[in-house]
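Accompanying notes for the structure given below.
The values are calculated or read from the model by the stated rules, or taken from the named source; none is laboratory data. Here the structure is a predicted model, which means the values were calculated and not measured. Virtual Cβ from ideal backbone geometry, glycine too; neighbours counted across all protein chains shown. SASA here: full protein model, heavy atoms, side chains in, ligands and nucleic acids out. Shrake-Rupley method; radii C 1.70, N 1.55, O 1.52, S 1.80 Å.
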Amino acid sequence: MIRTILAVLLSFVAIGAAAQEFSGLARLDVQDSSVVDTRNGVALELRMSQGVPYRVFTLDGPERLVLDFREIDWAGVEPGALDQSEQVSDIRVGGFGPGWSRMVVDLAGPYLLETADLEVDAETGQATLRVDLQMGSPEAFATASGAPDGAEWAVSSAEVPETSGQDGTFVIVVDPGHGGIDPGADQGGVLEKDLMLLFALELKELLVRSGDVEVLLTRQDDSFVSLDRRVVLAHKMRADLFISLHADALNEGHAHGATVYTLSKTASDKASALLAERHDRSDILAGIDLSGQDDVVADVLIDLARQETQPRADRLAEALRLGIKQRQLKLNTRPMRSAGFSVLKSPDIPSVLLELGFLSSEKDRANLQNPEWRGVMAASIRDAIFAWRQADAATADLVRQ
Ligand SMILES: [Zn+2]
């Protein structure tokens with residue numbers, strides 16, 4: 001327990017300054033929020049400009065309630081103004097890891113977490129988080145308290161650079177399809193996995209030369225990486241966008257040209273359910289630990305994140321289609337598609353899967369093996385990403401107003 005407390009204290013010290021750089025998407029309306037005493041406990045009602053993923057837990061020694069939010073802007077928030085409770089001695093707010101904000105409520109006794117419920121107004125998009133605490137025994141409080149297990153706020157994987165995504169650097173995660181024992185399409189000795197790695201490395205080179213972005217690959221060599229692992233890596237790398245590269249083969253028809261895939265609506269609903277069921281929940285939403293949540297809460301959190309992410313992914317797909325068209329490269333007859341691909345299931349990272357062409361098409365195969373063609377295709381992707389990034393930032397600014 002002491003270690004937990006120390007970790008929390010250290011985080012406040014270390015991240016306090018960095019947190020100022022985040023202009024959060026959501027704002028807390030202090031005027032309409034309150035922390036009050038109830039008959040046998042304490043009730044928090046926090047009004048926010050929009051729903052954000054969050055988590056709530058208590059810590060012991062001394063007793064306190066911790067609320068973590070994804071991107072809340074505390075600017076101008078005087079947390080003391082919230083406090084109308086005799087049972088709360090202090091409320092503090094600060095940053096906790098990149099993109100995360102924390103509120104700590106110091107409690108006068110063992111008040112156990114009874115309910116936490118986030119309600120989002122369908123019309124205004126404004127959200128209200130209600131948290132109820134009930135007086136319990138010190139023993140019960142001690143048992144119920146502690147930071148959720150598996151909450152990996154820090155980057156730990158050796159595959160992920162420690163500085164990834166820090167200082168607000170824009171992180172592009174490029175995912176070369178297949179690898180290792182999974183060759184992908186195989187046409188006359190030309191393997192999809194090799195071509196995609198080659199293309200990914202060329203694209204990375206071009207992107208890095210073109211601007212202030214960090215580009216990370218889900219695999220650097222011919223090794224097998226599971227689909228889930230690719231999604232987990234994107235989170236650990238703090239990806240601002242995720243692009244998976246493929247060039248599959250089709251046995252039937254004469255499919256050719258580039259195709260951009262996003263996660264389909266029906267697939268996304270199913271994905272939510274599947275994600276919520278999964279035992280290793282801590283990796284699903286960057287930094288949010290869902291392992292201690294019941295399924296309903298987990299679903300809500302994932303849906304909230306996805307609601308915001310899906311339109312952004314759709315716009316990214318459209319930017320790619322446009323970029324490829326502008327360079328007069330061949331698009332598929334149905335260039336925009338959606339499917340339930342596992343690698344697109346990050347609820348909080350705009351993700352697309354780009355079929356650069358089909359290895360089963362002679363023309364496409366020749367193109368994919370042509371460095372000149374690859375250069376033009378990479379340039380079209382670069383242009384699309386930078387255009388999208390700018391438009392996306394402008395949209396985010398609008399949302400913040
Ligand atoms: Zn493939």
Relative to the present Cα-Cα distance, how much length would full extension add between D121 and K363 at 0.36 nm per residue of separation? 82.0 nm
Starting from the 7 Å offset along Cα-to-Cβ, what nm value, one decimal, do you get for the label separation of T38 and A140? 1.3
Filter K236/K345; K193/K325; K236/K325; K325/K363; K193/K363 down to the pairs with a C-alpha to C-alpha distance above 21 Å, please. K193/K325; K236/K325
Roughly how many Å² of D132 are accessible to a 1.4 Å probe, to the nearest 10? 50
Residues whose built amide H sits under 5 Å from the amide H of L331, excluding neighbours closer than 5 in sequence, are A258
Region 25-100: GluC sites (Glu not before Pro) in DSSP coil with no more than 15 other Cβ atoms inside 10 Å: E86
Chymotrypsin sites (Phe, Trp or Tyr not before Pro) within region 163-255: DSSP coil, no more than 12 neighbouring Cβ in 10 Å: F224
